[in-house]
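Only one structure is covered here, and it is reproduced in the block below.
The values are calculated or read from the model by the stated rules, or taken from the named source; none is laboratory data. As the structure is a computational prediction, the values presented were derived from the model and not from experiment. Cβ coordinates were reconstructed from backbone atoms using ideal geometry, including for glycine residues, and neighbour counts include every protein chain displayed.
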Amino acid sequence: MTHQLEDTEDFDQIWVMDNGKIVQQGDYASLSAQPGLFATLIAHRSGEL
């Protein structure tokens with residue numbers, strides 16, 4: 001478990017939680033390529049939003 005997004009790039013599986021519920025699941029590449037909370041967090045981190 002981590003709150004550091006940069007740590008997730010090498011994870012085989014990532015579960016994205018929102019309000020205690022899993023809202024997305026997959027690896028870094030698939031989650032960052034699809035619309036959703038994970039991609040939004042990545043965009044914020046990289047300054048795109």
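Quick notes on this structure:
- All conditions in (1) modelled with pLDDT of 95 or more; (2) outside any strand (DSSP E or B) hold for Val16, with the sole exception of (2).
- First in the range 1-26 and under 15 Å from Ala39 (Cα atoms), second anywhere and assigned to a loop (DSSP other than H, G, I, E, B) and among the β-branched types (Val, Ile, Thr), Cβ under 9 Å, 6 or more apart: Thr8/Thr2
- Number of residues in the range 27-49 that are of a type in the set (D, E, K, R) and part of a loop (DSSP other than H, G, I, E, B) equals 2.
- Restricting the range 8-26 to residues that are out of contact with any strand residue (DSSP E or B) (no Cβ under 8 Å at 6 or more places or on another chain) and exposed (fewer than 10 other Cβ atoms within 10 Å of the Cβ), the residue that is nearest to Ser46 (Cα to Cα): Asp10
- Beta carbons closer than 9 Å, at least 6 apart along the sequence or on distinct chains, pair a first residue in the range 29-42 that is touching a residue at least 12 places away in the same chain (Cβ under 8 Å) and over 17 Å from Thr2 (Cβ atoms) with a second that is surrounded by 16 or more Cβ atoms within 10 Å (Cβ to Cβ) and aliphatic (A, V, I, L, M) for Gly36/Val16.
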